[in-house]
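The structure appears below as C-alpha cells.
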Amino acid sequence: MQRIRLDETLIQGAVSVEVGEGWVQPWRLPHSLLSLFPPNALEGRAAFSAGVRVCFTSNTERVALEFAPSDQTLQFDCVVDNQLVESRTIEAGESQVSFEALAPTQKRVEIYLSQKAPVRLRALAIDGSATLDVGQERRPKWIAYGSSITQCAHAASPAQTWPALVARQWDLNLTCLGFGSNCHLDPEVARVIRSLPAAMVSMCVGTNICGMSSLSPRTFAPCLIGFIRTIREGHPDVPIIVMSPIINPRRETTPNDVGFTLTAMRGEIVEVVSMLQELGDDNLHYVDGLKVFGSEHVELLEYGAHPGPTGYRVLAEGFMENFPQVSF
C-alpha cells in the first residue's frame, strides 16, 4: 500500500492543525491562540475531533489510517460519497484502523475521527496502484456552534452525530464547533466563526448557560446580541440560524442559581432574533428547539439531557424539517 503523509490539505472540519514530529493533530480552535480560550482551551473540548474528517478522492479498495495510540477507545467511520460504509471501534493502545472492500471506482472517501477524543494522525495508506486527489472542496461550508448536544458524544458513531447526518443529507462541508459543557457565548469563539469561510452558520445556545448559571437574565441577551453581531461582521450575507434549547425536563421551569429557566431563555432568544431582524438583519432566522426535539421525545434522552443514538437521528430530522426557507 502507498503510505501518505498527512497534512492540512487532507483534513476537513478542523479550524487548525498542529504539526508535530511525525504526526498532525486537528483542533477545532486556532491552535496558536489556545490561551485565549480559557479554561484550558474550553476544558480540552477544542482538541476533540467532532466533525473532523480525513477527506480525499480515490479509486482505492482499501484505506488505512495510522494514529498515535490513545488511552481510550476510539471510533472511526468510513463514509463514501456521503454514505456511511462502516464503523470501527479501536481499543485503547491500538494505532491503526482500516476499511476494505470499497468500490474500485473514483469516489470521495471521508474517514470521520472520534467526536469525543483527540486524535493525533500519522499517515494514510491506500492501494499501491490507486490514485489520490485532494482537489478543491466545493461543498458549501456550514459552521455549527453549540454544546455537548452539538458535539454529540452519545451518538452511535462520529458520522452519526446530528450535524454530520444533516451535512451529508444536504451535501455540506461541516465544521462542528460543539463544545461539551462549554457553549457560553465566548467572545473569542464568535471571532473565530467570524474569520472562517462559511455559507451558513447555526448555533444552538442556552443549555450550558442555564445549567451552569454562567449568564443571568441581565447578561444573557446582551451577550447573545454581541455574539451574533460579531459573526455577522465577517459574514454579512450568509444565513445565521439561532436554535433555542431542545427539551430538558430538569431545566424547563426550575430556576437555576441566577433565577433563569430554559423557558425564560427561549423567550429571550426569540426577542433578540426579532429585534435584530427589525434592525435590518434579513438573513437571521430562529428555530424553536422544542419543535426540533420536544416533550414527545423525552424517552430518547440519556441522563435526562442528551439524545442517545436514536435521539440524534430524530434531532437531525427535526432540524431539517424546521429549517427556514433560505438558500446557501
Unmet criterion (only one of (1) closer than 18 Å to Asn173 by Cα; (2) open to solvent by less than 10 Å² (accessible area, probe 1.4 Å)) for Ala117:
(1)
The residue from Val205, Val192 that alone is surrounded by 16 or more Cβ atoms within 10 Å (Cβ to Cβ), farther than 23 Å from Asp288 by Cβ and of a type in the set (A, V, I, L, M) is Val192
The stretch 75-113, residues that are within 20 Å of Gly22 (Cβ to Cβ) and under 17 Å from the mean Cα position of the chain (by Cα)
Phe76, Ile111, Leu113
Just to be sure I understand the filter: pairs with C-beta atoms under 6 Å, separated by 6 or more residues or on different chains, first member in the stretch 196-221 and within 24 Å of Trp162 (Cα to Cα), second member at pLDDT below 95. Which pairs pass?
Ala199/Phe328; Met200/Phe328
Residue that is least open to solvent (accessible area, probe 1.4 Å) [pool: residues in the stretch 263-290 that are in a helix (DSSP H, G or I) and under 18 Å from Leu315 (Cα atoms)]
Gly289
Using beta carbons and a limit of 8 Å, which pairs, at least six apart or on different chains, have the first residue in the stretch 117-136 and over 14 Å from Asp7 (Cβ atoms) and the second one modelled with pLDDT under 95 and among the aliphatic types (A, V, I, L, M)?
Ala125/Met1; Ile126/Met1; Asp127/Met1; Gly128/Met1
Testing Ser87 on (1) assigned to a strand (DSSP E or B); (2) closer than 29 Å to Asp186 by Cβ; (3) among the small types (Gly, Ala, Ser), one condition comes back false. Which one is that?
(2)
Among (1) open to solvent by 10 Å² or more (accessible area, probe 1.4 Å); (2) under 20 Å from Pro187 (Cα atoms), Glu21 falls short only on (2)
Leading residue by the ranking (farthest from Val80 (Cα to Cα)) among those in the stretch 34-56 that are in contact (Cβ under 8 Å) with a residue 40 or more places away in the chain and open to solvent by 40 Å² or more (accessible area, probe 1.4 Å):
Leu36
Of the residues in the stretch 291-328, those that are of a type in the set (Gly, Ala, Ser), buried (at least 16 other Cβ atoms within 10 Å of the Cβ) and modelled with pLDDT of 95 or more come to Gly308, Gly311, Ala316, Gly318
Restricting the stretch 211-244 to residues that are under 15 Å from Gly180 (Cβ atoms) and of a type outside the set (S, T, N, Q), which is surrounded by the fewest Cβ atoms within 10 Å (Cβ to Cβ)?
Met212
Looking at (1) open to solvent by 20 Å² or more (accessible area, probe 1.4 Å); (2) in contact with a Gly (Cβ under 9 Å, 6 or more places away or on another chain); (3) more than 17 Å from Ala14 (Cα to Cα); (4) not β-branched (Val, Ile, Thr), which is the only condition Ala155 fails?
(1)
Say we look at the stretch 105-118 and pick out the residues that are touching a helix residue (DSSP H, G or I) at 6+ places or on another chain (Cβ under 9 Å) and assigned to a loop (DSSP other than H, G, I, E, B); which of these is nearest to Ile11 (Cα to Cα)?
Leu113
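The values are calculated or read from the model by the stated rules, or taken from the named source; none is laboratory data. This is a predicted model, so every value here is computed, not measured. In this analysis, Cβ positions are derived from the backbone assuming ideal geometry, glycine residues included, and neighbour counts consider all displayed protein chains. Please note that ligands, DNA and RNA were not included when accessible areas were found on the heavy atoms of the full protein model with its side chains. Shrake-Rupley method; radii C 1.70, N 1.55, O 1.52, S 1.80 Å.
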